[in-house]
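Since every read-out is calculated from the coordinates, none of them should be taken as a lab result. This structure is a prediction, so every number in the text was calculated from the model and none was measured. When we count neighbours, we look across all protein chains shown, and the Cβ atoms used for this are built from the backbone with ideal geometry, even at glycine.
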């Protein structure tokens, strides 16, 4: 409930007490409005709403008892929301008559009004000669959006004269400044505030015992739309997973918040925290982390100010450093695999961890609805085995939502991140014959060979055999390799939603493939098979080579991962991988392309050797046949 408003009436001599925390009105004694003032008077009061809204008026009459009983004549009400003066004229008075009056005020909650002290004044005889007081209105000065200074000139003729200004958005005025007392010829001013921008106000100077001054007007200035100026600067401190964004903003005199937008596309999608700027042009920075290695990010500086204006800067980009894993027996190597066992609300995330130097490692997954991947699965100790397939379930998903994820591994020598993958949760939840328990699934130990190693959601034998042949374990920079991936449906049922993805490390260039589409986002070849009938099979050849600048002794891992859905709706997957260790480039120049159009003349795969031997045999048989025909002719 609002505090009940109190009113205080002040005379030229007397002043009533002030109640702390309450709205109040102070009213001056009546002042005559004209030289011939035997029938009229002006009642004035200073209103202080104290942050609320107050309604104020005067009650008057020629009897003290009438005014005290609240049955006197009441002037019209005026509403106030900030400190102003109430000035109201009363007329049709009798000469040589004593009148009583008091101010009244109440808050806008409809409570009973509060009254000030009852004061009085006496009208003079209409034949009384009154000392002439003159007042003139001068032009307003210091006009801004919300304030102005009103100016006037008064000739008091040595009388105790009060001066003030009346003003408002019409020539009825309705508002007044506090009074000032003068006894000499002088200029006077009154400061007013709380005005509306781009609005015309009328005003006039007033003096007790004088005819009102001439009416003038002024117009407040309009709202100036100030737009911040923003410039995007080059990123700094760029590493595999973090960077510092830089920008410059000119606020143009308005309080401004500056920040950055960034992402892997020019749609951005990520926003940094804001930096408050309230001075002249200044540079600002923001550090971002959790980025993917060897990935291009776009960003731009942004600013918005207190006037609601938002300005984007120019768009720039940077590329994070490639993930360099040196096979020193220290940090592990990881590869993110395809998600399996996807329903409308759950999914199983999969990845490979290659431990080195018998160093025990921990592994987990980062995931989320955007590339920042703010969620994290349980950290699991995967031990020091050479190769471990790590999996974990995530729950509480939204049907049809796109999710981002990647595997992360860490040992005492450092932390590594796998490439970021995505999947879309199923729109409808099919009855799942496999029960997902909240316990952490046990990692599957993989043999470090280039043959298939199978694993499904329920640890049953995979329905598909998958083989990845990648040649020798060592590989030289610039050496072109052909990777032969073959598969076969070993079951008697037709499999649906069959997708194969062959992923290469960022240190290798994928040049071509006989089947599938290349994805630069994760440096992989994706083969969408759709359905795979019983005993159905297929193959693809992919040509790739290590990039220049890759160091000696690095571990490069190529993975082939296939997911499928059985006729009963159960999802399964199968995995194959090949590992290489980089070595120095041989000085002997290449003898030419091999039978696949990549690499040296000598084959680097079993299939290549077989084809080469068959080609040689065909040439020998053809030569013998031609030689026999020539001998017969002779």
Where a ≥ b ≥ c are root eigenvalues of the Cα gyration tensor, a/c under 1.5 meaning rounded, otherwise prolate if a/b exceeds b/c and oblate otherwise, the range 134-219 counts as prolate
Quick note on 613, 542, ordering by fewest other C-beta atoms within 10 Å, gives 613, 542
What order, most packed first, do the peptides 337-345, 368-376 have when packing is the mean number of other Cβ atoms within 10 Å of each residue?
337-345, 368-376
Give me the distance in nm between label points sitting 7 Å out from Cα along the Cα-to-Cβ direction at residue 496 and residue 517, one decimal.
2.1 nm
1/(1 + (r/R0)^6) with r = Cβ-Cβ of residue 615 and residue 473, R0 = 35 Å, i.e. FRET efficiency to nearest 0.05, evaluates to 0.85
Can you order the peptides 96-108, 461-473 by their average number of other Cβ atoms within 10 Å per residue, highest first?
96-108, 461-473
Go through 229-235, 205-211 and give me the packing order, highest mean Cβ count within 10 Å leading.
205-211, 229-235
Once you order the gyration tensor axes a ≥ b ≥ c over the Cα atoms, which shape class does the range 247-326 get: rounded for a/c under 1.5, otherwise prolate or oblate by comparing a/b with b/c?
prolate
